[in-house]
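Peer 1: Have a look at this one.
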Amino acid sequence: MKIADARVIVTCPGRNFVTLKIVTDEGVTGVGDATLNGRELAVASYLRDHVVPLLIGRDPARIEDTWQYLYQGAYWRRGPVTMSAIAAVDTALWDIKGKVAGLPVYQMLGGRSREGVTVYGHANGETVDQVLTEVARFVDLGYRAVRVQCGVPGLAKTYGVSGDKMFYEPADAALPSEATWSTERYLAHVPAVFARVRDEFGPHLRLLHDVHHRLTPIEAARLGRSLEPYALTWMEDPVPADLQEGFRLIRQHTTTPVAVGEVFNTVWDASQLIREQLIDYIRTTVVHAGGITHLRRIFDFAALHHVRSGSHGATDLSPVCMAAALQLDIAIPNFGLQEYMRHTDQTDQVFPHDYHFEGGYLHPSEAPGLGVDIDEEAAARYPYSPAYLPVNRLEDGTVHPW
Ligand code: GCO
Ligand code: MG
């Protein structure tokens, strides 16, 4: 069998997605997500102009060899654009291998390690009362884990708080919108939010919080310590993680578990964090970290160091990525949690799939391959529309991580 064609499909059913569809000479197809929020066309070009020509005529069964060919063969390594492109190829080849074998991908990864994939939902509100209502809604829907984000008094807009509660979409404008941030106001408010949530929902609901890279290590240490009474499952991205040794300072001061990695692209971005056990959950995901092949490598390395998975699953990761993530989540020994934000109906129509939510768990497809596809006719009805993530500034105007 040989790869006969590979198409890069850009579509915007409410938000932009980039998808690679590989077709073999025997008519077997596979799909891979290549979406990089706010930089979509860079990956589309990387694939179209520099990768697709290298795929034609290759044996689709040689997944590892193709991965190494694209990674080592580019000479220029790592980075989100390169790794999202490689991820799309890798994911599509696993899809094809599963279809050829007549097996869901998780069977080829060693089979089930659990009955379902525990997911967390997103409760958010401008006020603590709204947050409590939203947490209750997720509990009623059956969720066992909930991420909690609350508006901060004195700030006009806060990360993670949205108007549409089920479909949070941060890429909100054709040119970046701007938000204002105050660490002082934030640190003064967050512990009180979790005190109320814990008080209302008792000790067993798993609670999470995303700091979204906004603190320094010592500020994060203070936040982690102040949240200890509320027993969070994790504090996410407390600081920008470029400086891995910075996490030592957080670790020295708090027992609140730390989750990091949604912006990482390879195991090297987290090697010190994992080796020194400076984190508890690694949040890399299929699309941004080199596909199923490389993500499996990261999770295996993490497993040796008591670090569990906690893959990113925001709306900018397409159902193709989610389908692939679930195949890995159900198989690996050190699964922790999977983020799950529902996609809009239009997105679900463009990407037909049969993974489904039940009782707090997502269940991967049992169909051969990944169990997801792209409806190219439907995709063509939604042309690309530029959208950027916001930019953040301190109250005095200084640019700050968003
Ligand atoms: C999360 C993330 C997202 C990101 C978004 C960027 O934990 O879900 O932080 O909300 O901001 O995926 O593209
Ligand atoms: Mg996050």
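Peer 1: If exposed means no more than 11 neighbouring beta carbons inside 10 Å and the site is in a DSSP loop, what's the longest run of the chain without any exposed GluC sites (Glu not before Pro)?
Peer 2: On the way: sites that count: Glu26, Glu115.
Free of exposed loop sites, the longest segment is 116-402.
Peer 1: Follow-up question, since we're still on this one. When the helix-only estimate is applied to the chain (DSSP H runs of n ≥ 4, each -39,500 (n - 2.57), divided by the residue count), what is the mean residue ellipticity at 222 nm, nearest 500 deg cm²/dmol?
Peer 2: Details: 14 runs with 138 residues, N = 402.
Result for the chain, helices only: -10000 deg cm²/dmol.
Peer 1: Once phi is turned into θ = phi - 60°, what whole-Hz ³J(HN,Hα) does the Karplus curve with 6.51, -1.76 and 1.60 give for every residue of segment 345-351, x standing for Gly and Pro?
Peer 2: Calculated HN-Hα couplings, in order: 4, 4, 5, 5, 6, 5, 10 Hz.
Peer 1: Among residues other than Gly30 whose Cβ falls under 15 Å from its Cβ, what is the net charge (Lys/Arg +1, Asp/Glu -1)?
Peer 2: Numbers: positive: Lys2, Arg7, Lys21, Arg58, Arg62, Lys97, Lys99; negative: Asp5, Asp25, Glu26, Asp33, Asp59, Asp90, Asp95, Asp373, Glu376.
So the environment of Gly30 carries a net charge of -2.
Peer 1: Take Thr216, Thr284 and sort them by solvent-accessible surface of the protein heavy atoms, 1.4 Å probe, largest at the top. Don't skip to the answer; put the middle values down first.
Peer 2: Values: Thr216 60, Thr284 0 Å².
Sorted descending by solvent-accessible area, the residues read Thr216, Thr284.
Peer 1: Let me ask something else about it. For helix 80-101, report the angle its Cα long axis makes with the longest principal axis of the Cα atoms of the chain; keep it between 0 and 90° and round to the nearest 10°.
Peer 2: 60 degrees
Peer 1: Give the accessible surface of segment 3-104 per residue, rounded to a whole number of Å², with probe radius 1.4 Å and ligands, DNA and RNA excluded. Mind showing how you got there, number by number?
Peer 2: On the way: 3870 Å² over 102 residues.
On a per-residue basis, segment 3-104 sits at 38 Å².
Peer 1: Output the 0 to 90 degree angle, nearest 10, between the alpha-carbon long axis of helix 183-201 and the longest principal axis computed from the alpha carbons of the chain.
Peer 2: 90 degrees
Peer 1: Would you tell me the accessible area of Val263, worked out with a 1.4 angstrom probe on the heavy atoms of the protein chains, in Å² to the nearest 10?
Peer 2: Estimated to the nearest 10 Å², Val263 gives 90 Å².
Peer 1: Taking every pair of Cα atoms in segment 211-363, average 1/r, invert it to obtain the Kirkwood radius, and report Rg/Rh to two decimals.
Peer 2: Numbers: Rg = 15.7 Å, Rh = 15.9 Å.
When Rh is taken as the Kirkwood radius, the ratio is 0.98.
Peer 1: A follow-up question, please. Take the chain, connect every pair of alpha-carbon atoms lying under 10 Å apart with a spring to form a Gaussian network, then pick out the residue of Ala220, Ala173, Ala44 with the largest mean-square fluctuation.
Peer 2: Ala173
Peer 1: Accessible area per residue, 1.4 Å probe, Å², for segment 227-367: what's the number? If you can, show how the numbers build up before the last one.
Peer 2: Values: 4470 Å² over 141 residues.
Value for segment 227-367: 32 Å² per residue.
Peer 1: What whole-number distance in Å separates the alpha-carbon centres of segment 266-290 and segment 20-47?
Peer 2: Cα centroid to Cα centroid, the span is 24 Å.
Peer 1: What do you reckon, how do Trp67, Trp402 stack up by accessible area (1.4 Å probe), largest on top? Please report the intermediate quantities before stating the final value.
Peer 2: On the way: Trp67 15, Trp402 50 Å².
Highest to lowest solvent-accessible surface, that is Trp402, Trp67.
Peer 1: Another question, if that's okay. How long, wide and thick is the chain, going by the Cα atoms along their three principal axes, in whole angstroms, largest first?
Peer 2: Cα spread of the chain along its principal axes, largest to smallest: 61, 43, 43 Å.
Peer 1: Right, next: Provide, as a two-decimal number, the C-alpha radius of gyration of segment 3-104 over 2.2 N^0.38 Å, N being how many residues it has. It would help to have the intermediate numbers written out before the result.
Peer 2: Working: Rg = 13.0 Å, N = 102, 2.2 N^0.38 = 12.8 Å.
Taking the Cα Rg and dividing by 2.2 N^0.38 Å, one obtains 1.02.
Peer 1: A further question on this structure: Residue by residue through segment 236-252, what is 3J(HN,Hα) from phi via Karplus (6.51 cos²θ - 1.76 cosθ + 1.60, θ = phi - 60°)? Round to whole Hz and write x for glycine and proline.
Peer 2: So the J values, rounded to whole Hz, are 9, 6, x, 9, x, 9, 4, 9, 5, 5, x, 6, 4, 5, 4, 4, 5.
Peer 1: List the residues whose amide H sits under 5 Å from the amide H of Arg308, counting only those 5 or more places along or on another chain, with H placed 1.01 Å from N in the peptide plane.
Peer 2: Tyr281, Ile282
Peer 1: Something else about it: Give the total of Lys-Lys pairs in the chain with Cα-Cα distances below 26 Å; include a pair only if its members are 8 or more places apart or on different chains.
Peer 2: Working: Lys2/Lys21; Lys2/Lys97; Lys2/Lys99; Lys21/Lys97; Lys21/Lys99; Lys157/Lys165.
So the count of such lysine pairs works out to 6.
Peer 1: Running a GNM on the chain with Cα contacts under 10 Å, which residue among Asp348, Asp25, Asp269 ends up with the highest mean-square fluctuation?
Peer 2: It is Asp25.
Peer 1: Evaluate the relative contact order of the chain (contact order divided by residue number), counting alpha-carbon pairs under 8 angstrom at least 6 apart; express in whole percent. Present the calculation step by step, with values, prior to reporting the outcome.
Peer 2: Working: 902 pairs, mean separation 94.8, N = 402.
Relative contact order, the chain: 24 percent.
Peer 1: Using a Förster radius of 41 Å, what is the FRET efficiency between Asp172 and Thr216 based on their Cβ-Cβ separation? Nearest 0.05, please. Present the calculation step by step, with values, prior to reporting the outcome.
Peer 2: Working: r = 27 Å, r/R0 = 0.66.
Once the sixth-power term is evaluated, E becomes 0.95.
Peer 1: Quick one: with all protein chains in place, what share of the accessible area of the chain is carbon or sulfur, to the nearest percent (1.4 Å probe)?
Peer 2: Details: 8210 of 15600 Å².
Answer for the chain is 53 percent, counting heavy atoms of protein chains only.
Peer 1: Cα centroids of segment 51-107 and segment 120-163: how far apart, whole angstrom?
Peer 2: 38 Å
Peer 1: Once phi is turned into θ = phi - 60°, what whole-Hz ³J(HN,Hα) does the Karplus curve with 6.51, -1.76 and 1.60 give for every residue of segment 128-136, x standing for Gly and Pro?
Peer 2: Whole-Hz 3J(HN,Hα) from phi for segment 128-136: 4, 4, 5, 4, 4, 4, 5, 4, 4.
The values are calculated or read from the model by the stated rules, or taken from the named source; none is laboratory data. Not measured: the values here are computed from a predicted model. When we count neighbours, we look across all protein chains shown, and the Cβ atoms used for this are built from the backbone with ideal geometry, even at glycine. Accessible surface areas use protein heavy atoms only, side chains included; no ligands, DNA or RNA. Shrake-Rupley method; radii C 1.70, N 1.55, O 1.52, S 1.80 Å.
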